[in-house]
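**Student:** Got a structure for you, written out below as structure tokens; questions coming shortly.
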Amino acid sequence: MRTWIRLMLLPLALLTAACSRPFDVKTAPGLVELDDQEHYEYRAIAPEGVVVGVKVVDIGQKGDLAFWARAATLRIRQLDGYAMLGAADVKTRDGTTGRELRFGHDEGGKPYLYTLRVFVKHKGWPSGSSRLFLVETGGPKDEVSRYQQALDWMQSSLALD
């Protein structure tokens, strides 16, 4: 079975930030947070396979939001074969602006949806370094639709440090 929810920017996987989470997100009823998820600082799942994940990557001073959103779009469409369904500007609870990218694909004849929210947050110290936040949601289309209210609630709860 094809892995449909994973880091779309594989070269960045090795740079994933460790330690305590530099963000806050609430887990919606109907999903449970998973422990010790490799490559994710946070991951929650519903029994039907709907998944929410957050990855954080220290990017120094490399690229801005437009760069990373474009890089993710190209990666997901060209290398992973997803169809672009739409994009929109979004904000976190703390006001950080980001870009939401919506994709779809069929797996075993069944439609799946994948959404990636991309945020770049500048750290407050003089080095000027930044973090890339990748917030992923996905699963079978019918189940994602069923959980959409919970997914929207979780997305609205996200605050970045």
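**Student:** Can you work out which of the residues in the range 30-60 that are touching a residue at least 60 places away in the same chain (Cβ under 8 Å), of a type outside the set (Gly, Ala, Ser) and out of contact with any helix residue (DSSP H, G or I) (no Cβ under 7 Å at 6 or more places or on another chain) is farthest from residue 158 (Cα to Cα)?
**Tutor:** Filtering first and then ranking leaves 59.
**Student:** Let me ask something additional. Exactly one condition in (1) closer than 22 Å to residue 72 by Cα; (2) free of Cβ contacts under 8 Å to residues at least 40 places away in the same chain is not met by residue 134; state its number.
**Tutor:** Status for residue 134: all satisfied but (2).
**Student:** Would you check which residues across the range 105-151 are assigned to a strand (DSSP E or B), more than 17 Å from residue 61 (Cα to Cα) and β-branched (Val, Ile, Thr) and list them?
**Tutor:** Across the range 105-151, the qualifying residues are 115, 135, 137.
**Student:** Continuing with the same structure: Mind checking which residues of the range 75-104 are touching a Leu at 6+ places or on another chain (Cβ under 9 Å), touching a residue at least 24 places away in the same chain (Cβ under 8 Å) and in a strand (DSSP E or B)?
**Tutor:** Selection gives 85, 97, 98, 99, 101, 103, 104.
**Student:** Let me ask something else. For the range 65-112, how many residues are touching a His at 6+ places or on another chain (Cβ under 8 Å) and crowded, with 17+ Cβ neighbours inside 10 Å?
**Tutor:** Within the range 65-112, residues that are touching a His at 6+ places or on another chain (Cβ under 8 Å) and crowded, with 17+ Cβ neighbours inside 10 Å number 2.
**Student:** Only residues that are more than 16 Å from the chain's Cα centre (by Cα) and in a loop (DSSP other than H, G, I, E, B): list them for the range 50-74, please.
**Tutor:** Those that are more than 16 Å from the chain's Cα centre (by Cα) and in a loop (DSSP other than H, G, I, E, B): 61, 62, 63, 64.
**Student:** State the number of residues belonging to the range 104-151 that are modelled with pLDDT under 95 and out of contact with any strand residue (DSSP E or B) (no Cβ under 9 Å at 6 or more places or on another chain).
**Tutor:** Result for the range 104-151: 5.
**Student:** Scan the range 62-81 for residues that are at pLDDT below 95 and either touching a helix residue (DSSP H, G or I) at 6+ places or on another chain (Cβ under 6 Å) or polar (S, T, N, Q) (or both) and jot them down.
**Tutor:** Residue satisfying the conditions is 78 alone.
The values are calculated or read from the model by the stated rules, or taken from the named source; none is laboratory data. Just so it is clear, the model here is predicted, and its values are computed rather than measured. Methodologically, a virtual Cβ is constructed for each residue, glycine included, from the backbone with ideal geometry; neighbour enumeration extends over all protein chains shown.
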